[in-house]
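Here's the structure, in structure tokens; my notes come after.
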Amino acid sequence: MAVSGPKARGRERAAQRGERVVGALDQRLPLLDGAKGLVRKVFPDHWSFLLGELALYSLLVLVLTGVYLTLFFNPGMGEIVYHGSYLPLRGVRMTQAYASTLDISFGVRGGLMIRQIHHWAALVFVAAIAVHMMRIFFTGAFRRPREANWMLGVTLFVLAMLEGFCGYSLPDDLISGTGLRIAEGIMLSIPLVGTYVTYFAFGGEYPGHEIIPRLYGFHILLVPGLLLALVGAHLTLVFSLKHTHWAGRGKTNRNVAGMPALPQFVTRTGGLFFAVSGVLTLLGGLAQINPVWDYGPYRPDQASTGSQPDWYIGFLEGALRLMPAVETRALGHTIAWNPLVPAVVLPGVMFGVLYVYPYLERWVTAGRGEHHLCDRPRNQAARTGLGVAGIVFYAVLLAAGGDDVIAYSFGISVDALVWVLRIAVFVLPPLCFAVTKRACLALQARDRERLLEGEETGDVDQTVAGGYTEGHRPLPAAERYVLLVRDLPEPLGALPQGPPPAAGATAAAKARLHQQGQRLRAALSNWFHQDRVDLPATDEQRRQIAAAAAPPARQEELGGPATAAATQRAKTTGEGS
């Protein structure tokens, strides 16, 4: 007792001092209120939700390594004679930017490893955002009330590509300089203002002496600031709107289910951060990337063969290679369509479609309720087909960006390959859409078969008549629930006609235009939602499914008192998980 007593009193005094410190801080900063909300927050427990965290931790590694590289990089474009550590390039004239990149690689302790970690982290960052957006698209997590967060995600993707291009261009080596030359041609192709934009960016005639310092400012200040601000806004909306979740017992369109912050989520996300950091460090130390000393300094009269941009810019390179050389001359001006269409119009259309897609799907869908349950991709055949078609379109353009390398590797004609890819970029996306849609319907039919016959046991029994039958066992109730809970809106069908048009040609024209728009909306809704496979369910199961998938404001209306009680139990389960 003589030993334990002083120890106990010491622990008590330490606890009291800790309480006083925390209380003093809380009087000046709202720490406890914020921590209380964070600790009570329910986090998703499915592995697919970690894709967003993968992007976040890659960004953190990017910031840490980028701060280190900023201490040593010189973005100057003034020419010097190199006398550094890399012997093969001694005596060669080069820009200060290229020379400082060599010094970081060979003269700064750990510089080459940090450079390569930074580059690998950039590739993983953009890839994680892309895959995260695919998960959101295919599961329908962009629907109301998360349309604004989807648009923030698309903006983050665009800014990540811009940030990557700026950083890729900073070393001023032969490959990055060739990329800047292509960027100059794209700027010049913009009608009316192209020349002014080019002069502003390069500070005069190409290559000028301003483009690298300006890209450096964008790379370390403007774009990272926007990225961090939008990431903060994105996370704020995620906390405010809560996450979506997959269908299951106790998971409805009205509650939030998952794991608590402490200790499960903190342990999992902390492990993911260290795993991401470790893998990127291994890649930086073992996998060479962007060896600028092999390419040499940039010279406007030279271009290296087999040079490829980073993967996220590859679709732009491929589109430029596939577009035929076409130009129009009118009123003393020349419009070069071959850089304008693939490098300006096409990206604008692609990202414009991504921005407005949530509203387009909402326009062709009956009902305006909120959606908090994830769709299984097979249950939304048209949307899944559109997503696969978009991925295939991007993949064809990416392959076209390396057509010279592919042709050289397989010993085929570059011209023949270009024509094959030109045809493929128009044929493969609709073909893959049709195949994917049929595959989704086949998977729905397989779900129907499993619900009717059960799961195969692998046993084969012989009947008295000499025939053979397969053994089946009923599906567990939890799995049946997952298969049956589907949010499948009915097609809009024939929309009601509006009131008779008012007198006057203008009013009649507006009425006709409105009716045509409604017919188009009904036709698109029928095309998008009509194809499906009905699943067998009892009346009670149908009521439960309708209650689970109903918008929050209508849940009690559909299920009555019993459903309201079940909803309250589900909410309690989700909050306490």
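The values are calculated or read from the model by the stated rules, or taken from the named source; none is laboratory data. No experiment lies behind these values; they were computed from the predicted model shown. Cβ placement follows ideal geometry from the backbone for every residue including glycine, while neighbour counts extend to all protein chains displayed. Protein only, heavy atoms only, side chains kept; ligands, DNA and RNA dropped before computing areas. Shrake-Rupley method; radii C 1.70, N 1.55, O 1.52, S 1.80 Å.
Couple of notes before you dig in:
- Annotation for THR305 and LEU192: the two label points, set 7 Å from Cα along the Cα-Cβ direction, are 4.3 nm apart.
- With N as its number of residues, segment 153-201 has a Cα radius of gyration that, divided by 2.2 N^0.38 Å, comes to 1.29.
- Measuring nothing but protein heavy atoms, the accessible surface of segment 327-432 at 1.4 Å probe radius is 73 percent carbon and sulfur.
- If you plug the beta carbon distance of VAL158 and ALA546 into 1/(1 + (r/R0)^6) with R0 = 45 Å, you get a FRET efficiency near 0.70.
- In this Cβ point-charge picture (+1 for Lys and Arg, -1 for Asp and Glu), segment 65-205 has a dipole of about 540 debye about its Cα centre.
- The chain: DSSP helices with Cα axial extent of at least 20 Å and average Kyte-Doolittle hydropathy no lower than 1.6: 50-70, 223-241, 381-400
- Full-extension gain in nm, ALA8 to VAL266, via 0.36 nm per residue minus C-alpha separation: 89.9 nm
- For segment 463-482 and segment 90-149, distance of Cα centres in Å: 51 Å
- Distance between modelled label sites at LEU286 and ARG448, nm, 7 Å Cα→Cβ extension: 4.9 nm
- 5 angstrom amide H check on MET259, placed H, neighbours 5+ away: PHE43, ASP45
- Theoretical gain in end-to-end length, ALA233 to ARG521 [0.36 nm per residue, Cα-Cα removed]: 100.4 nm
- Cα convex hull volume per residue for segment 236-307 (Å³): 232 Å³
- For MET259 and ALA407, a Förster radius of 30 Å and the Cβ-Cβ distance give a FRET efficiency of 0.05, rounded to the nearest 0.05.
- The calculated Kirkwood hydrodynamic radius for the chain is 28.6 Å, given to one decimal from all distinct C-alpha pairs.
- CD proxy at 222 nm, helix term only [per DSSP H run n ≥ 4: -39500 (n - 2.57); per residue of the chain; nearest 500]: -21000 deg cm²/dmol
- Sum of side-chain charges, LEU235 neighbourhood, beta-carbon under 14 Å (Lys, Arg +1; Asp, Glu -1): +2
- Near the amide H of HIS472, within less than 5 Å, lie the amide hydrogens of THR457, all on another chain or at least 5 residues away, with H placed in the peptide plane.
- For segment 412-528, taking the reciprocal of the average inverse distance between every pair of different Cα atoms yields a Kirkwood hydrodynamic radius of 20.6 Å.
- Here segment 397-457 is treated with +1 on each Lys and Arg Cβ and -1 on each Asp and Glu Cβ, and its dipole about the Cα centre works out to around 240 debye.
- Unit charges on C-beta of K, R, D, E only; dipole of the chain, Debye: 1940 debye
- Cα-projected label distance for LEU431 with GLU205, points at 7 Å along beta-carbon direction, nm: 4.9 nm
- Each principal axis of the Cα atoms in segment 350-440 has its own extent, and those three values, largest first, are 56, 28, 19 angstrom.
- Segment 278-400: translational diffusion in µm²/s, Stokes-Einstein, Kirkwood Rh over Cα pairs, 37 °C, 0.692 mPa s: 172 µm²/s
- On full extension, the segment bounded by HIS333 and THR70 gains 90.4 nm, given 0.36 nm per residue less the C-alpha separation.
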